[in-house]
Amino acid sequence: MHRLLRWPASLWIGCLATATALGSCKDARHDTSSQQTTTLESERPLSPVGRLTRGEYASTVSAAFGGPQPGVELPPDGSDGVFTTNAGSEGIGDYHGYVVASEAFGAHFAPALATACDWSSDLQGCTVSVFEPVLFELYRGADEPADYSELAELIGTALDEGATLEVALTGGVSRALLDERFLFHIEYGGEAGSEPDALLLTGLELASRLSYVLVDAPPDADLRATALAGLERDPAAIRAVAATLFDDARSRDEVWRFAREWLGITEPPPDAPPTPIDECDFTAECIELHGPTANDCVNSQSSQSWCQCGDTRCVPVETGMGLNQAMFEETRRFVEHIVFDSDAPLTELFTADYSFIDANLAAHYGVPAPATDWEQYEFPPEAKRRGVLTHASFLSSNGAEIRDASWIFRGKVVYESLLCGELAPPPPGVIDREVENRETTAPCDACHKIMDPIGRIFDGYDEHGVLVDDASFDARVDVGSTLDGSYDGAVDFTSAYGASDELAECFATMWFRHALARRPVAADEPSLAPIRDVVASSGSVRSAALELMAAPAFRTLYLSPEDQVCP
């Protein structure tokens, strides 16, 4: 029998009732899936409730317990189509997965908890002293005195029924990790806001938002102290806190995650290990390469021969990282340079004539290798590399083996993520239809007359981002924007995009969407305008991003407290 089934049935009934309520309680805050917009809509804003992502779960558990964690497969994260978020309509997700994870974490941490106090002499006192710092971190300051009495009762009941102390404590940890205050970003708000049905977040709630957005972890003790001093009422203090969090090394991971999700850059597949190569045709050549013990023992005197020293093949081992990983590394280094190291304007992300490459990428791009791998490298004009949209990571992540399929993927990510357009999903069965011209044949034409011409802007690069002969196809933007027109390749487009109003407009929208897990509506205009102004005035990415942290939308809960819970 599973050890946790020895607990009182009432505990599990109550726990499962909580899960059912969390999974089925579906007000407007749980459902963002129907929000589709290309311009700001007029409805009132609603703050969604999101469950922790895998990263947030792990960092919160780490803050509560410290030390290494067991290898546990958490339920998968959701997506709003661009960004990772669990603020959609799926509710609790795979609750069984959270039960399994909570048991594994409980069993992992129970031995240390068992030796932290003399449980046999004072069960209630030990429960408080051991679990108080844990629950404070897990529940982000929302723990209550009753929590410790309930845990003490649960642990005591398990002990009375014959469980060992470690098994009983496993149950206590598991119960804490199944609490909605841990699994969800639950906010209740404090003072009334300036709009109807709007409340200012409490200082602790605001601190949690800031910390999870910027470093993917709960607030630390210093930030909580600042929060308790009235952080929510002082925009200047909020900017200062956000700036401090930007200086935290963890923020580099979060800004990179935002950038790669915004641009559709996917994690690279593993690089294949080095394969044997044709080193020689005769044993004499093997000896010359590898010394007197070498011999050409495989396929000698052929074009498929290997040198061998004793039982070891003398195959040169490739140095440095593989090409796939190098593509990813280039763009990460480039983004970090723009945002953190140089504090450059956002436009440089798309117009810079430099990047950071190694010898592998230099060969891939057909340019001379840098003197030192990963130093700043200025591309010659003939390389046709300007900004992140000409990086191999972007082009390969949004490419396809069949050339005209790349038009679709590249055009789609530019239209939806960089021009903030919205494409409807294809009707059932349409994707498998064969048509002579998808840009003129209904119903395919509705999307493909937008995507394909934009995608052809990048037709001078193959599916891996290698420069090929200039494309002769019609490459253009025709979406009712200031960027509408024909383009002579990607460098022509990236130069125009970097100087366009669309860059400021769409960055503000996408950063808002990433940080708040919802699309902006018309009422959010006062929160978007300062971000656009910073970008338009050539301000840095960091300065633009910080504007949202002190904006009304970020500091406000758009729902009255009684609507936050199921009746």
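Over all distinct Cα pairs, what is the inverse of the mean 1/r for the stretch 486-567, reported as the Kirkwood hydrodynamic radius in Å?
Roughly 14.3 Å, rounded to one decimal.
Run the simple label-point estimate for residue 243 and residue 439 please: 7 Å along Cα→C-beta, distance reported in nm.
Those two pseudo-labels are separated by 4.9 nm.
Mind listing the Cα extents of the stretch 323-498 along all three principal axes, in Å, largest one first?
53, 30, 28
Among 307, 117, what is the fewest-to-most ranking by other Cβ atoms within 10 Å?
The fewest-first ordering by Cβ neighbours comes to 117, 307.
Under 5 Å between amide H atoms, partner at least 5 residues away or on a different chain: which partners does residue 461 have, H built in plane at 1.01 Å?
Distant-sequence amide H within range of residue 461: 468.
Determine ³J(HN,Hα), in whole Hz, for all residues of the stretch 225-230 in sequence, where each value follows from phi through the Karplus function 6.51 cos²θ - 1.76 cosθ + 1.60 and θ = phi - 60°; x replaces Gly and Pro.
So the Karplus estimates, Gly and Pro as x, are 5, 5, 5, 5, 8, x Hz.
Quick one: Karplus J couplings for the stretch 515-523, per residue in order, coefficients 6.51, -1.76, 1.60, θ = phi - 60°, nearest Hz, x for Gly and Pro?
Karplus values, whole Hz, x for Gly and Pro: 6, 10, 6, 7, 7, x, 10, 4, 5.
Show me, for the stretch 250-261, the HN-Hα J-couplings you get by feeding each phi into the Karplus relation (A = 6.51, B = -1.76, C = 1.60, θ = phi - 60°), rounded to Hz, glycine and proline as x.
Result, ordered by residue: 5, 5, 4, 5, 6, 5, 5, 4, 4, 4, 6, 6 Hz.
Net charge near residue 264, counting Lys/Arg +1 and Asp/Glu -1 over other residues with Cβ under 10 Å of its Cβ?
So the environment of residue 264 carries a net charge of +1.
What's the local net charge at residue 398, with K and R +1, D and E -1, over the other residues with C-beta under 12 Å away?
+1
Counting Lys and Arg as +1 and Asp and Glu as -1, what is the net charge of the other residues whose Cβ lies under 11 Å from the Cβ of residue 441?
Surrounding charge for residue 441 is -1.
Based on the Cβ-Cβ distance of residue 495 and residue 69, what FRET efficiency does E = 1/(1 + (r/R0)^6) give at R0 = 56 Å, to the nearest 0.05?
0.75
What residues qualify as long-range amide H neighbours of residue 92, i.e. H under 5 Å apart, gap of 5 or more or another chain, H built at 1.01 Å from N?
Those qualifying (amide H under 5 Å, at least 5 residues apart or on another chain) are 23.
Amide H to amide H under 5 Å from residue 84: which residues, 5+ apart in sequence or cross-chain, H placed 1.01 Å off N in plane?
Answer set, sorted by chain and number: none.
Values in this text are rule-based calculations from the coordinates and carry no lab data. Bear in mind that the values here come from a model prediction, so they are computed numbers and not experimental data. Neighbour counts run over all protein chains shown; Cβ positions are idealised from the backbone, glycine included.
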